[in-house]
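Student: I am attaching a structure below and will ask some questions about it afterwards.
The values are calculated or read from the model by the stated rules, or taken from the named source; none is laboratory data. Model, not experiment: these values are computed from the prediction. Neighbour counts are summed over all protein chains in view; Cβ atoms, including those assigned to glycine, are modelled from backbone coordinates with ideal geometry.
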Amino acid sequence: MTHSTKFTIEERVRWGDVDAANIIFYGSYIRFFEIAETELFRSVGMPYGKIFDELDIWLPRVHLECDFHRAPRLDDLLEVSVYVGKIGRTSLRLNFEVRRKTEDGTIEKDLMATAHFVLVSTNRIDLKPIPLPEELRRALEPFAEGNGV
């Protein structure tokens with residue numbers, strides 16, 4: 001499957017991310033996804049402070065889905081990629097891919113996990129869905145699926 005440009009961060013599996021078997025606890029992935037999402041928005045000039053205060057919206061997550069393919073272990077260095085799967089009228093879908101970096105710095109081809117979030121643009125007063133601001137749409141376009149393929 002071909003994607004648009006992906007935004008990628010690196011994050012290490014830390015002690016607080018693993019269970020007694022020293023493999024990643026499934027809930028720890030959400031922290032990795034949140035970091036990648038936050039840095040994607042910051043990289044396109046839309047840090048959350050600006051989205052909330054200047055665009056005057058909230059972006060609550062209304063859906064999260066994750067498939068676990070392989071289990072990272074304590075101290076593994078992960079590459080977490082995010083791209084925009086779809087931009088709708090009031091919502092957007094962020095897709096995530098997690099791979100492990102090997103000791104020689106190469107990236108394993110096999111996915112550790114794949115996931116997606118659905119975020120909805122809402123009014124800050126009553127949390128009712130409202131159209132995604134055009135400024136946010138334009139900013140995320142370089143990372144939208146199908147763009148630049």
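Student: So, in the stretch 1-42, exactly how many residues are of a type in the set (Lys, Arg), in contact with a strand residue (DSSP E or B) (Cβ under 6 Å, 6 or more places away or on another chain) and either surrounded by 14 or more Cβ atoms within 10 Å (Cβ to Cβ) or closer than 16 Å to Ala144 by Cα (or both)?
Tutor: So the answer is 1.
Student: Okay, moving on. Name the single residue, out of those in the stretch 29-82 being among the β-branched types (Val, Ile, Thr) and over 10 Å from the mean Cα position of the chain (by Cα), that is nearest to Thr122 (Cα to Cα).
Tutor: Looking at the filtered set, the residue picked out is Ile57.
Student: Inspect all residues belonging to the stretch 78-88 and state whether any of them is closer than 23 Å to Pro142 by Cβ, touching a Lys or Arg at 6+ places or on another chain (Cβ under 9 Å), assigned to a strand (DSSP E or B) and aromatic (Phe, Trp, Tyr).
Tutor: yes
Student: In this structure, does Ala115 turn out to be within 24 Å of Phe143 (Cα to Cα), at pLDDT 95 or above and touching a Cys at 6+ places or on another chain (Cβ under 6 Å)?
Tutor: Judged against the criteria, Ala115 is a match.
Student: Shifting gears a bit: Does Arg93 qualify as being in contact with a His (Cβ under 9 Å, 6 or more places away or on another chain), of a type in the set (Lys, Arg), surrounded by 14 or more Cβ atoms within 10 Å (Cβ to Cβ) and modelled with pLDDT of 95 or more?
Tutor: Yes; evaluated as a whole, the condition is true for this residue.
Student: So which residues in the stretch 89-128 are in a loop (DSSP other than H, G, I, E, B) and β-branched (Val, Ile, Thr)?
Tutor: Listed by number, the residues that qualify are Thr90, Thr102, Thr106, Ile125.
Student: Ok, one more. Considering every residue within the stretch 120-135, establish whether at least one is of a type in the set (S, T, N, Q), closer than 29 Å to Val18 by Cβ and surrounded by 14 or more Cβ atoms within 10 Å (Cβ to Cβ).
Tutor: no
Student: Taking the condition of being touching a helix residue (DSSP H, G or I) at 6+ places or on another chain (Cβ under 9 Å) and among the charged types (D, E, K, R), how many residues in the stretch 105-134 meet it?
Tutor: Number of matching residues: 1.
Student: May I ask you to list the residues in the stretch 43-76 that are farther than 14 Å from Leu94 by Cβ, surrounded by fewer than 16 Cβ atoms within 10 Å (Cβ to Cβ) and out of contact with any helix residue (DSSP H, G or I) (no Cβ under 7 Å at 6 or more places or on another chain)?
Tutor: Gly49, Lys50, Phe52, Asp53, Glu54, Asp56, Asp67, Phe68, His69, Arg70, Arg73, Asp75
Student: When both residues are 6+ apart or on different chains and their Cβ atoms are under 7 Å apart, which pairs have a first residue that lies in the stretch 58-77 and is closer than 13 Å to Glu108 by Cα, and a second that is of a type in the set (Ser, Thr, Tyr)?
Tutor: Once the first residue is closer than 13 Å to Glu108 by Cα and sits in the stretch 58-77, no partner that is of a type in the set (Ser, Thr, Tyr) comes close enough.
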